[in-house]
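J.: To start, I am sharing the structure in question, which I have written as structure tokens.
The values are calculated or read from the model by the stated rules, or taken from the named source; none is laboratory data. Note that the structure is a prediction, hence the values are computed from the model and not measured. Here the Cβ positions follow ideal geometry from the backbone for every residue, glycine too, while neighbour counts run over all protein chains shown. Side chains are part of the model used for accessible areas, which takes the heavy atoms of the whole protein and leaves out ligands, DNA and RNA. Shrake-Rupley method; radii C 1.70, N 1.55, O 1.52, S 1.80 Å.
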Amino acid sequence: MTGTLTTDAPTDRVDSAGGGRRSTGATVARVLQRQGALIILAAVCVVAGIAFDNFATFGNFSAVAVQASFLAVVALGMTFVIMTAGIDLSVGSVFALGGVLAAWGSQHGALIGLLLPLAVCGLIGLVQGLIVARGGLPPFIVTLAGLLFARGLLLALSDEGATTYKVPEGSWFRQLAQGEFLGLGLTVWIVIILFLIGGVVLHRTTFGSTILAIGGQEDAADLMGLPVARTKVVAYLMCAMLAGLGGTMMASYTSSGVTVLGVGMELEVIAAVVLGGTLLTGGAGTVLGSLVGVLLLTVIKNVINMVGTLNSNWQAVVSGVILLVVVVAQRWLAKIERR
């Protein structure tokens, strides 16, 4: 019984009932806060399936999964960074840089095309992480500088965008994103594997526990003797490497390194992670939720394309409205849960 024991039996029952109601309300609020995106995604899919004959088909779902895979890889890394109460604004530019490096490297060998962007993008993430964790500078400023650096580097490599590197025909590097297995694109399987690993890391390792502890209360985590600085560095390193991997997959998919890709991608990635239930203040969230957030944004784009009468600008409008509603709802539900 959650109520205070008294000699007045009726009062005790009321307190117990009230405690039960509060407990039930907090549980419902917690579920809605963390699974809201999944509920919205299911509702959108049901409505779209009724409205459009070709929506609920394997071919369309497969296409949506492939489209979502590039954003999902980047969102996985961003999830860990935001859980530490940080942010990484450089992922869009790092994504584009990874694509350019992958396309250029593939001309000298498929393995180089795969490893070069991971190494360079990982180095950018490592430097950003060290400055944030060791230098104590705000992640917003540090990663904004990283955004400008990565974008400038890819423009220098591509002669201000005038040169587009092509992946050689016949290279197995193309099959990284263009191949299929069991009817699904290989990029989808890459995402599945990465998110399974991410889930295990977050919920079954001390690194994941430390990530959540830092986001919950960094000073307390430091007093507990947890490796706060090292964990934050690894989070930013991992985020940049995954952004570079996403760009590598895109280069394989398009068979070229396109410099204009990734512009504004950081905002879409952050939106997907927040939609998935990860709090911008850190300390709470799941990798599965981020994947649901990515799928929700991608399905919205797919539905708008099927409408036909709406241009691409409506994708941003609808996504922005849903994001605003979800963020407001999260704060409201968090207050209910605390009560």
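J.: With a sphere of radius 9 Å drawn around the Cβ of residue 92, what net charge do the other residues whose Cβ falls strictly inside it have (Lys, Arg +1; Asp, Glu -1)?
T.: Working: positive: 151; negative: 266, 268.
Net charge around residue 92: -1.
J.: Give me the percent of the accessible area of region 204-288 that comes from carbon and sulfur atoms, probe 1.4 Å, all protein chains in place. Please report the intermediate quantities before stating the final value.
T.: Working: 2210 of 3410 Å².
With neighbouring chains kept in place, the figure for region 204-288 is 65 percent.
J.: In addition: Taking the Cα centre of region 84-225 as origin, work out the dipole magnitude from +1 charges on Lys and Arg Cβ and -1 charges on Asp and Glu Cβ, in debye rounded to 20.
T.: 200 debye
J.: Let me ask something else. Compute, for residue 268, the solvent-accessible surface of its heavy atoms (probe 1.4 Å) with the complete set of protein chains present, and express it in square angstrom to the nearest 10.
T.: Spelled out: residue 268, probe radius 1.4 Å, area about 50 Å².
J.: How much of the accessible area of region 71-126, in percent, comes from carbon and sulfur atoms when a 1.4 Å probe is used?
T.: Of the solvent-accessible surface of region 71-126, carbon and sulfur hold 81 percent.
J.: Separate question: Residue 181 accessible area, nearest 10 Å², 1.4 Å probe?
T.: Rounded to the nearest 10, the figure is 110 Å².
J.: Can you give me the accessible area per residue for region 44-164, using a 1.4 Å probe, in Å²?
T.: Per residue, region 44-164 has 40 Å² of solvent-accessible surface.
J.: Of 324, 297, which has the most accessible area with a 1.4 Å probe, and how do the rest follow in descending order?
T.: Details: 324 115, 297 5 Å².
Output order, biggest surface exposure first: 324, 297.
J.: Can I ask one more? For every other residue with a beta carbon closer than 12 angstrom to the beta carbon of residue 133, add +1 if it is Lys or Arg and -1 if Asp or Glu, then tell me the sum.
T.: Net of charged neighbours comes to +1.
J.: Roll a 1.4 Å probe over the protein heavy atoms and report the accessible area of residue 79 in Å², nearest 10.
T.: Approximately 0 Å² of residue 79 is accessible to the 1.4 Å probe.
J.: Further question: Would you pull out the residues with amide H under 5 Å of residue 256's amide H, same chain only if 5 or more places away, H placed 1.01 Å from N?
T.: Here 167 satisfy the definition.
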